[in-house]
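Structure first, then comments.
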Amino acid sequence: MSENQQPLTEEKQTVAPAEDASAEIEPTALPDDDAALTETPKADEEIADETDTAEEEPDIDPADVRIFGMPRICFHGAALGIAAGYILCGLVGILAENTAGTAIGNLAAKSPSATVWAVACAVIGYLISRRFHKKRLAAKEAELAAAAADTPE
């Protein structure tokens, strides 16, 4: 059981007597106006501290984020390749059933397992997306080089 599902102890199970429930409720004391004014700047300082820490964090380009050690675009290409591999395996299986007895049907029936299709297509997707990633990095370096050449020293 989790903390929220534990049974109540004897102390918590006892019900308050009826006379305690009918007792007068005392109004809570309101803070003085001066005390309320002194607490407001503290809250403002805490908010300012939180915004300062947010400003100190460097901005990271989403394209530079790495997932499982791969650039983001390469991970997405591999994931897309896995999905395409399973779809292709299914289509080849349907082709094998519908064309049984023909040369194409016999060839499709000898196709490897779905895992082989998925891994092969994942590798192809990774290689294609890696090429796009390298082109993006080259364009980024060319842009930085052009910006560096334009700035007078």
Amide H within-cut-off set for residue 67, under 5 Å, with H built and near neighbours excluded: 72
Protection proxy ranking of 134-140, 72-78, 115-121 - average other beta-carbon atoms within 10 Å, highest first: 72-78, 115-121, 134-140
For segment 137-147, 3J(HN,Hα) per residue [Karplus equation, 6.51 cos²θ - 1.76 cosθ + 1.60, θ = phi - 60°, Hz, x = Gly/Pro]: 5, 5, 5, 5, 5, 5, 5, 5, 5, 5, 5
Length gained when the stretch residue 87-residue 127 is fully extended (0.36 nm per residue, less Cα-Cα span): 12.5 nm
Computed E for residue 94/residue 115 - FRET, C-beta separation, R0 22 angstrom, nearest 0.05: 0.75
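Since every read-out is calculated from the coordinates, none of them should be taken as a lab result. Remember, it's a predicted structure, so these values are computed and weren't measured experimentally. Note: ideal-geometry Cβ built from the backbone for every residue, glycine included; neighbour counts use all protein chains shown.
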